[in-house]
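Every number here is computed from the coordinates shown, using simple stated rules; none is lab data. In this text, all values refer to a predicted model and were calculated from it rather than measured experimentally. Every residue, glycine among them, receives a Cβ derived from its backbone with ideal geometry; neighbour counts consider all protein chains shown.
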Amino acid sequence: MFGRGNEPGGRHYSAGGLYAARARYAESRIRAVLAHVQAGGLAKLTTSMTESVSPARSVSGAISVPGDKSISHRYAMLTSIAEGESRILNYSTGEDCRSTLACMSQLGIAHEFADKDGRRELIVHGKGTHGLQASKNALDAGNSGSTIRMLSGILAAQPFTTTIFGDESLSRRPMRRIMAPLAEMGAHIEATNDQYAPLTIHGRALTAITYEPPVASAQVKSCVLLAGLYANGETAVIEPVRTRDHTEIALRELGADISTERRTVRIRGGAPLHGKPLIVPGDISSAAFFLVAALLAKEANLVIANVGLNPTRTALLDFLKSVGASIKILSVESANGELVGNLQVRNSRIRGGTISGALTAALIDEIPVLSVLGAASQDGFVVKDAAELRVKETDRIATVAENMKRMGIQVEVKQDGLEIPGKQTFHAAELDSFGDHRIAMAFAVAALASDGPCLIHNAEAASVSYPEFYRTLREIAQ
Ligand code: S3P
């Protein structure tokens, strides 16, 4: 059902913007390898992979997904600035979280992986809030917005200067959203055209502020809270709508003085953090691909074990249930202040639905795969208030629409959303990740539901959050 091969060169794509996006992606891989070599590392030559995915009738079995990407980033950063050793189970295997660890190493924090009863354990040797050292080379955040935006909050408070860069996609994503509050706290940051990476962050003693971000962004909130950990006084972030609260939970777990009241989070600077054993729950945003694969199948009975069920992330389950999905939470427990449980999903008849307002913010990473579900639903899905999708790893409104079009799916593109009529059939097509992990995985799921084998070019992008994705999909789809 699945196959793999090196992508043939010289292919031409009609959509000009997307062709350019793909060319920029190829160029960014070359630049990343060169930067890696210049930084003294061994070049990791990522070849472009094409994955072939054939239709599946049934989706069943019992699986687990990699550790949550958001929580892994936070644990890597916070245990680095905590005192003493932290042992972290189930740290994300994705490239983004590897980028965070590499940045922390360059700042003088040692880590290693060990085997714990057959499970991978990450050991971080934290040096306390004032234990980071200036890096000899610029830090490479790779494709990871979370790395560059959250780490900037810590770097802004250090008594040294750091340059941090990323790949071509990251170099096009907006950074003013973190530069503005950090400047207000007293940091001095230089950026390309005053808004894009590379960022050169001249650390300073910071002053506490009260900040109301104009966009709903957990990365911005986290950046300000991490800077607030170092600032003199109490820093407050008042969110426009509540976003994922993993930073608040992890900070509290490690000893910070932090509290939340509705949409306001407050942190008092100066408290030391203490390392401790931590467990990362499975990533619900990765589980989303398999949930939708099961919902779309003719027959499905799939159990996904140890999925993170933090209430700021489970809007996905609530939304899916509201449109008719058969999903059961089989068990729930708590680990380091985060909820985790087992899910069971069966194939279901999905009604129509609208994703708008605060729900859009809560589902922002799941919209590509939910759009796929929408096309097969009874009455279609409407996605509104989703301008943020245009500044993710790709412009996800454009990349979702392009792959949909290639599969013969009708979709209406809006400036800040999509309208996807229901009862449509996915036709076999050549698809592209455009270098975006969630686009690769969303369309592998669409391919399972299609009327013939599909090719996904640049399929290796999935490794950014989920290197084992195609193998797991192969295990459950027949
Ligand atoms: C993340 C927050 C979200 C999300 C991203 C991870 C985080 O981004 O899209 O994948 O870990 O805080 P924004 O905060 O920019 O919306």
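In terms of packing, defined here as the mean over residues of other Cβ atoms within 10 angstrom, the peptides 280-291, 227-238, 322-333, 401-412 line up highest first as 280-291, 227-238, 401-412, 322-333. The residue among ALA361, VAL303, VAL280 whose Cα reaches farthest toward the positive pole of the charge dipole of segment 250-378, with charges on the beta-carbon of Lys, Arg, Asp and Glu, is ALA361.
Based on Cβ point charges of +1 for Lys and Arg and -1 for Asp and Glu, what charge dipole magnitude is obtained for segment 328-437 about its Cα centre, in debye rounded to the nearest 20? Walk me through the numbers on the way to the answer.
Details: 12 positive and 16 negative charges, 112 e Å.
That gives a dipole near 540 debye.
In the chain, if the dipole is taken from +1 on Lys/Arg beta carbons and -1 on Asp/Glu beta carbons about the Cα centre, which of PHE426, ALA216, ALA442 is farthest to the positive end? It is PHE426, whose Cα lies furthest towards the positive end. Here the calculated FRET efficiency for THR161 and ASP257, from their Cβ-Cβ distance with R0 = 45 Å, stands at 0.95, rounded to the nearest 0.05.
Take the Cβ-Cβ distance between GLN410 and ALA134 as r, set R0 to 51 Å, and report the resulting FRET efficiency rounded to the nearest 0.05. So the FRET efficiency works out to roughly 0.40. For a label point 7 angstrom out from the Cα of SER356 toward its Cβ, which stretches of segment 398-414 have the backbone nitrogen within less than 17 Å? Those under the cut-off are 412-414.
Please work out how much length the chain gains when fully extended from ILE329 to ALA205, using 0.36 nm per residue of separation minus the C-alpha to C-alpha distance, in nm with one decimal. Before the final figure, lay out each step's value.
On the way: separation 124, 0.36 × 124 = 44.64 nm, distance 4.63 nm.
Result for the pair: 40.0 nm of gain on full extension.
In segment 83-231, a dipole from Cβ-located charges (positive for Lys and Arg, negative for Asp and Glu) runs towards its positive end, and of ALA110, ASN90, ALA134 it is ALA134 whose Cα lies farthest in that direction.
Would segment 178-333 count as rounded, prolate or oblate if I go by the C-alpha gyration tensor, calling it rounded below 1.5 in a/c and otherwise prolate when a/b exceeds b/c, oblate otherwise? Don't jump to the answer; show the numbers that get you there.
Numbers: a/c = 2.51, a/b = 1.92, b/c = 1.31.
Here segment 178-333 falls in the prolate category.
Classify the chain: rounded, prolate or oblate, from the alpha-carbon gyration tensor (a ≥ b ≥ c, eigenvalue square roots; a/c under 1.5 rounded; otherwise prolate if a/b is larger than b/c)? List each step's numbers first, then the result.
Values: a/c = 1.61, a/b = 1.44, b/c = 1.12.
Verdict is prolate for the chain.
Compute the Cα gyration tensor for segment 178-246, then decide on rounded, prolate or oblate, letting a ≥ b ≥ c be the square roots of its eigenvalues: rounded whenever a/c is under 1.5, prolate when a/b is larger than b/c in the other cases, and oblate in all that remain. The shape class here is oblate. Give the lysines reachable from LYS127 as a straight Cα distance under 17 Å; neighbours fewer than 8 places away on the same chain don't count. Once the sequence-local lysines are set aside, what remains near LYS127 is LYS276. In this Cβ point-charge picture (+1 for Lys and Arg, -1 for Asp and Glu), the chain has a dipole of about 340 debye about its Cα centre. The length gained by stretching the chain between ASN301 and SER58 to full extension, at 0.36 nm per residue less their Cα-Cα distance, is 86.6 nm.
At R0 = 22 Å, how high is the FRET efficiency between SER322 and VAL391 if r is their beta carbon distance? Nearest 0.05 is fine. Calculated value: 0.20. Extension gain, GLU190-ALA110: 0.36 nm per intervening residue step, less the Cα-Cα distance, totals 26.0 nm.
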